[in-house]
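Undergrad: I have a structure here, written as structure tokens, and I will follow up with some questions on it.
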Amino acid sequence: MERLSMSALGMAILLHSVMGVSYYFLLARCSPAPLLGSWLFVACVGAVLQAVHIFPQRSRNCSLVCRLTMETVVCCLTLDLMLIKLWCRIEALCHCAIVGVLQLFVADERTFAACEYWLLGLTTSVIGCCLLWFTLWATALPSKLQLGYTNWQRSVKLSVHQSICQLAFGASSDLHSSAPMRFEESQESFAS
């Protein structure tokens with residue numbers, strides 16, 4: 001995925017999850033669960049979106065700003081839709097199961113509320129972690145990031161090496177053009 005799409009995804013996650021410009025975070029709270037599980041689920045959706053090209057690589061119909069805006073909007077809508085349709089159901093199912101179990105064992109209201117909150121937070125966080133691990137494994141994101149980092153390191157080392165050579169020996173075009181002549185001159189002087 002090229003940098004523009006990563007920028008759009010980053011902006012979408014910033015708008016959606018950090019700033020809360022979302023139907024899910026504003027209105028559609030499905031359970032009293034802490035937000036950690038939903039944030040992990042947002043990371044899962046983000047990992048899937050980074051592997052998908054929303055627009056063709058070289059679309060000529062749209063400028064860069066138009067394309068960035070469209071990709072950001074599509075990412076925000078996808079995040080919201082996935083949270084509302086999938087994560088809400090997971091949270092609601094966990095909440096129903098935890099309330100059903102706690103009603104059998106806990107009678108005090110304060111203890112019930114505390115146990116409900118912590119068990120629901122733990123359960124949704126574990127589910128979010130498992131989904132994130134599976135998504136990262138399925139999209140091979142860590143190996144892509146490692147490969148990108150290795151390529152970046154290699155290009156930085158190469159550019160630093162070229163810069164040092166240019167500083168030490170002059171322009172690189174002079175270095176490459178004069179090297180064969182020196183070799184030929186040394187052969188001629190050796191032969192004579």
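Every read-out reported here was derived from the displayed coordinates using simple, explicitly stated rules and does not represent laboratory data. Keep in mind that what you see is a predicted model, and the values were worked out from it rather than measured. Neighbour counts are summed over all protein chains in view; Cβ atoms, including those assigned to glycine, are modelled from backbone coordinates with ideal geometry.
Undergrad: Using the 10 angstrom Cβ neighbour count as an exposure proxy, how do PHE105, PHE169 rank, fewest first?
TA: Final ranking by Cβ density, sparse to dense: PHE105, PHE169.
Undergrad: Subtract the Cα-Cα distance of LEU64 and ILE164 from 0.36 nm times their separation in residues, and report this length gain in nm to one decimal.
TA: Contour length minus Cα-Cα distance gives 32.4 nm.
Undergrad: How do the peptides 132-139, 30-37, 61-68 rank, highest first, by the average count of neighbouring beta carbon atoms within 10 Å per residue?
TA: The peptides rank, most packed first, as 30-37, 132-139, 61-68.
Undergrad: Rounding to the nearest 20 debye, state how big the charge dipole of segment 3-139 is about its Cα centre with +1 on each Lys and Arg Cβ and -1 on each Asp and Glu Cβ.
TA: The dipole magnitude comes to about 660 debye.
Undergrad: Just to be sure I understand the model, the point goes 7 Å from the Cα along the line to the Cβ. What's the resulting CYS130 to TRP118 distance in nm?
TA: 2.2 nm
Undergrad: State the extension gain, in nm to one decimal, for the chain segment bounded by LEU14 and TRP137, taking 0.36 nm per residue of separation less the distance between their alpha-carbons.
TA: Full extension of this stretch gives 41.9 nm more.
Undergrad: Between LEU49, LEU93, MET82, whose Cα lies farthest towards the positive end of the dipole of segment 39-127 when Lys and Arg beta carbons carry +1 and Asp and Glu beta carbons carry -1, centred on the Cα centre?
TA: LEU49
Undergrad: Only Cα pairs under 8 Å and at least 6 apart count here; give the relative contact order of segment 3-139 as a rounded whole percent.
TA: RCO, segment 3-139: 43 percent.
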